[in-house]
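Here's the structure, in structure tokens; my notes come after.
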Amino acid sequence: MMIMKNGARWSGLLVLGMLVGCGDGTADPPKMAIDAAPYLLEEPPSAAQEVSVVHESTGDSKEIVVVGKIGGSLNPWIEGRAAFNIVDRKVKSCLDIPGDDCPTPWDYCCSQADLPGATVLVKVVGEDGRLLAADARQLFGVKELQTVIVRGTASKDKQGNLVVLASGLYIKR
């Protein structure tokens with residue numbers, strides 16, 4: 001009789017455990033896969049301007065096409081998001097300087113250029129205008145110092161930082 005009571009208790013606890021499940025119920029919902037194809041351009045857009053030119057000529061909410069290399073800091077990425085910095089191609093990275101063996105040439109630590117005036121933050125956004133919740137490196141297969149051409153809407157904040165809400169990317173392979 002004692003064995004039956006203990007067996008019933010254990011069975012009840014087992015069923016209760018299966019109903020409740022593991023964890024506290026606060027797990028993140030599974031992420032939806034984002035298709036990169038609608039954002040990738042098959043041909044480079046014409047009339048792409050260097051980052052520094054766009055900095056000088058862009059006001060708020062202006063449609064632009066800008067070209068640059070991914071970099072500008074030790075970590076030019078926004079983790080887990082389709083966003084990254086690009087730098088004017090005229091600015092020399094450490095790779096462009098003979099004899100320089102910098103382990104992180106994409107941070108442009110060797111450059112004497114006005115880096116803020118030669119850098120733009122690219123945010124790839126969906127049709128709803130929201131930043132894509134996927135890491136750009138995985139979504140688009142891009143890496144530091146890779147050249148990209150970006151089509152989108154540019155704006156500057158009060159400090160002069162330039163941001164492009166990108167609707168299309170052409171990635172030079």
The range 92-99 - phi-based ³J(HN,Hα) in whole Hz, Karplus 6.51/-1.76/1.60, Gly and Pro as x: 7, 8, 4, 5, 7, 9, x, x
With DNA, RNA and ligands ignored, accessible area of Lys123 (1.4 Å probe; Å², nearest 10): 60
Length-normalised contact order for the range 100-173 - Cα pairs under 8 Å, 6+ apart - percent: 33
Carbon + sulfur, % of accessible area of the range 41-163 - ligands and nucleic acids excluded, 1.4 Å: 48
With DNA, RNA and ligands ignored, accessible area of Cys109 (1.4 Å probe; Å², nearest 10): 80
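Under a 1.4 angstrom probe, counting protein chains only, how are Arg137, Arg130, Arg89 ranked by accessible area, largest first? Write out the running numbers ahead of the final one.
Details: Arg137 65, Arg130 165, Arg89 100 Å².
Descending accessible area places them as Arg130, Arg89, Arg137.
Classify the range 65-140: rounded, prolate or oblate, from the alpha-carbon gyration tensor (a ≥ b ≥ c, eigenvalue square roots; a/c under 1.5 rounded; otherwise prolate if a/b is larger than b/c)? Walk me through the intermediate numbers first.
On the way: a/c = 2.97, a/b = 1.95, b/c = 1.52.
It comes out prolate by the Cα gyration axes.
The values are calculated or read from the model by the stated rules, or taken from the named source; none is laboratory data. Everything quoted here is computed from the prediction, not taken from an experiment. Side chains are part of the model used for accessible areas, which takes the heavy atoms of the whole protein and leaves out ligands, DNA and RNA. Shrake-Rupley method; radii C 1.70, N 1.55, O 1.52, S 1.80 Å.
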